[in-house]
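In what follows, a structure is listed as structure tokens, so that the remarks can point back to it.
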Amino acid sequence: MKCIYCGNSESKVLDSRSCDEVNSIRRRRECLSCGKRFTTYETVETTPLLVIKSDGSRQEFNLEKLKRGIIKACEKRPVAMSQIDMMADNIHKKLQNSLDQEVYSVKIGELVMEELKKVDEVAYVRFASVYRQFADLTHFIEFIKEYDNKK
């Protein structure tokens, strides 16, 4: 790490602490040349995840947008915000761990359905009805029967 005072590239780390609010590490350093101390922050560099929409367009993955969709499905249901946050984080981690830089929106929808299925059946069916774009009541009934048979 280059000293901000004298430009020397040799320094030693005196103290390291994690900063949870920004997922970084704070390091207190001392320059081996001039002896002055300075602080640096290290963060993990991630490549942006792009979502390929059904029309072929691409947009950057947005965790808040994902949460809003889950919140909408869980509206007036006994699902705590902490559960919604956990579902969204689980989906985000799965997407990051896949090492793909682009993911189809269909895949995200399937992951949301998996998470909702574990937490609340009504929210799961609600999300599925919008996500799968049921054309009429018969498609909806078929989905419910299929879900019921898998239980």
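Summarising the label geometry, the points placed 7 Å from Cα in the beta-carbon direction at Leu63 and Val106 lie 2.8 nm from one another.
Phi-derived couplings, Karplus 6.51 cos²θ - 1.76 cosθ + 1.60 at θ = phi - 60°, listed residue by residue for the range 132-137: 7, 6, 4, 6, 8, 5 Hz, with x used for Gly and Pro.
Amide hydrogen proximity for Ser24: with H placed 1.01 Å from N in the peptide plane, the residues at 5 or more positions away or on another chain lying under 5 Å are Cys19. Could you tell me what percent of the accessible area of the chain is made up of carbon and sulfur, with a 1.4 Å probe and every protein chain present? Taking all protein chains in place, the chain shows 49 percent carbon and sulfur surface. If you take all other residues with their beta carbon under 14 Å from the beta carbon of Ile141, and give Lys and Arg +1 and Asp and Glu -1, the sum is -2. If you take the square roots of the eigenvalues of the alpha-carbon gyration tensor of the chain and sort them as a ≥ b ≥ c, do you get rounded (a/c under 1.5), prolate (a/b over b/c) or oblate? Prolate, since a/c reaches 1.5 and a/b exceeds b/c. Count Lys and Arg as plus one, Asp and Glu as minus one, and take only other residues whose Cβ is under 14 Å from that of Arg77; the net charge is then +1.
Peptides 123-133, 26-36 ordered by packing proxy, namely the average of other Cβ atoms within 10 Å per residue, highest first: 123-133, 26-36.
The values are calculated or read from the model by the stated rules, or taken from the named source; none is laboratory data. Keep in mind the model is a prediction, meaning the values are calculated, not measured. FYI the Cβ positions are ideal-geometry reconstructions off the backbone, even for glycines, and counts take in every protein chain you see. Heavy atoms of the whole protein, side chains included, go into the accessibility calculation; ligands, DNA and RNA do not. Shrake-Rupley method; radii C 1.70, N 1.55, O 1.52, S 1.80 Å.
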